[in-house]
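Input: a single structure, listed below in structure tokens.
The values are calculated or read from the model by the stated rules, or taken from the named source; none is laboratory data. Treat the numbers as computed from the prediction; the structure is a model and nothing was measured. As a convention, Cβ positions derive from the backbone with ideal geometry for all residues, glycine included, and neighbour counts pool all protein chains shown.
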Amino acid sequence: MRLYKIFLLLFFAAYALLQLSTIASAQTAEPIILQYADSLIGRETSLGAERELVGNVHLRQGNVYVWCDNAIQYLAENRAVLIGNVKIVQGTVTMTGPRADYNGNLKLAFGTQGVKIVDRTTVLTAEQGIYSMKNYVAEFYNNVQLEDDTVLITADTIQYERRTRNSFAQGKVIVKGKQSNVLLAGDSAFHYPAQHYSLIKGKPFLLKVDTIIVTANKDSLMHRTNDSLQAMPILRFDSSIVVAEKLEAFRQYKDTYIAQDSVEMIRGELRMKSQLAIFDNRNERISLYKSPVVWNDSTQIIADSIIVSMKNKHLHQIQAFGNAFSSSRDDTSYASRINQLSGQFIKVMVTDDSVRTIFSRGDAKSLYYMDTDGQPDGAARNSADSISIEIEKNKPEIIHWLGAVVGDVFPETVIADKENDYALPGFRRRDDKPKKDLLLIRLFSRQRSNNFKKDNHSDNIEAFRK
């Protein structure tokens, strides 16, 4: 009980000091000075003197300059309501809008009917907004948009720190880089323009849309040139969707993105999962770490780390490092028959979106099922220093075993219904391939975070400063 009483005494003492500090601050604040108005009407009220200023109003408080069409100035409160073509300037910051409330004691401007702030290359707009001339922090609400020389951000709420130009966005956040075709979204985002860096949290996702020119083929449209018909190239739009628990954008390095925790990606028939992924747009490369797995059509690759390379926006190769294992199904009629390849390193080469060759080295092993006239006909299991497989129509056509070759051939009568007994060591086949419809449901069912105190403006500003 004694400790409780001491706590109460300390609490009330701190509260009293805070109140005295607030009163002292109000008493020492500079008054809002009238520089000019076409006309002035003064009156006394129960709350003190008021002045109605009409036409070409110009006010000043220290280094803060105010212009508007009309204003009502409350002298006792050191406050002014600004009406029509409001413009407030402090250093490099200009705040404009149709109406604002300016509190001279707190040095706060509050725009209520649409507000805009311009600070060097940063432009911030919203339905409502507060700007603190003391702390140099803007806090905007409802349909907020922030634009600078690197990104365009939209959100429910954005705080902007003038000194650093850093910003924090909350609620339905979308971040679009100006120099890329990548869109980031989530529940919240931190943007640090000096570091060319953004951090997205709260069920974030990345969306990248590429325009790909497909070479002419039998499905191409035809057009007439010099009395002859020629195939027209087809434009195809490929979208990459990435979801994770945290997304980071590094624009200084030609748009590099890092996704962490429960990372999933879909691009056409390409699917990926890992706990850490680095997307290097400049080099068209995706690096996967921490339990990575990649699916391309019926082929699955698992390793300690995987690098997926694109070429002209098409899948070019997949490299798997450390305990690499590739598996694929050739015929869905025999789902238990899974061709397998393992090694310390595996490389898959892709041309025209189809796997052409698979190469393995370092304790390389292979298991491939054979068929004759479409009927199962046993399997071959081999090991070598390296193994190279040429693929034709999604099936192994030619296999090269090089160095210290050891192998067995198992007839159909031996392996029938016993395929698992002949699997390669370390065989694992995952069935949790990302599905586009489930991923889209996850994107559109994102829940907004409740961590942000939207109604307490002063607390939000102070929290943002800290």
Practice task
Could you please give the count of residues in the range 134-150 that are under 24 Å from residue 279 (Cβ atoms) and either of a type in the set (Phe, Trp, Tyr) or touching a helix residue (DSSP H, G or I) at 6+ places or on another chain (Cβ under 8 Å) (or both)?
Solution key: 3
Exercise for the section: Looking only at the range 348-363, count how many residues are at positive phi and touching a Gly at 6+ places or on another chain (Cβ under 7 Å). Expected result: 2
Exercise for the section: Given the conditions (1) assigned by TED's automatic domain parsing to the domain that holds residue 240; (2) modelled with pLDDT of 95 or more; (3) within 23 Å of residue 94 (Cα to Cα), report the number of the one that residue 153 does not fulfil. Expected result: (1)
Exercise for the section: Can you confirm whether the range 431-439 contains a residue that is assigned to a strand (DSSP E or B) and at pLDDT 50 or above? Expected result: no
Practice task
Might you check whether a residue that is polar (S, T, N, Q) and over 17 Å from the mean Cα position of the chain (by Cα) occurs anywhere in the range 266-283?
Solution key: yes
Exercise for the section: Please go through the range 360-377 and pick out each residue that is surrounded by fewer than 17 Cβ atoms within 10 Å (Cβ to Cβ) and either over 14 Å from residue 330 (Cβ atoms) or hydroxyl-bearing (Ser, Thr, Tyr) (or both). Expected result: 362, 363, 372, 373
Handout entry: Residue in the range 86-133 that is modelled with the highest pLDDT, counting only those that are in a loop (DSSP other than H, G, I, E, B) and of a type in the set (Lys, Arg)
Key = 107
Fill in the blank from the handout: For the range 385-414, pairs from a residue that is not assigned by TED's automatic domain parsing to the domain that holds residue 356 to a residue that is surrounded by 15 or more Cβ atoms within 10 Å (Cβ to Cβ) and not aromatic (Phe, Trp, Tyr), with Cβ under 7 Å and 6 or more apart or across chains, are none
Fill in the blank from the handout: Reported set for the range 167-190 where residues are modelled with pLDDT of 95 or more and more than 18 Å from residue 244 (Cα to Cα) is 167, 168, 169
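Residues checked against (1) touching an Asp or Glu at 6+ places or on another chain (Cβ under 7 Å); (2) within 21 Å of residue 161 (Cα to Cα):
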position: 172; (1), (2): yes, yes
position: 176; (1), (2): no, yes
position: 180; (1), (2): yes, no
position: 183; (1), (2): no, no
position: 191; (1), (2): no, yes
position: 195; (1), (2): no, yes
position: 199; (1), (2): yes, yes
position: 206; (1), (2): no, no
Handout entry: Test: residue in the range 96-111 that is in the same structural domain as residue 127 (by TED's automatic domain parsing) and loosely packed, with under 14 Cβ neighbours inside 10 Å
Key = no
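Sort through 161, 127, 147 and tell me the only one that's touching a residue at least 60 places away in the same chain (Cβ under 8 Å), touching a strand residue (DSSP E or B) at 6+ places or on another chain (Cβ under 6 Å) and among the acidic types (Asp, Glu).
Residue meeting the stated conditions: 161.
Could you name every one of the strands (runs of 3 or more DSSP E) located completely within the range 256-328 that has at least 3 residues being aliphatic (A, V, I, L, M) and within 25 Å of residue 179 (Cβ to Cβ)?
Counting at least 3 such residues, we get 256-267, 270-280, 305-311.
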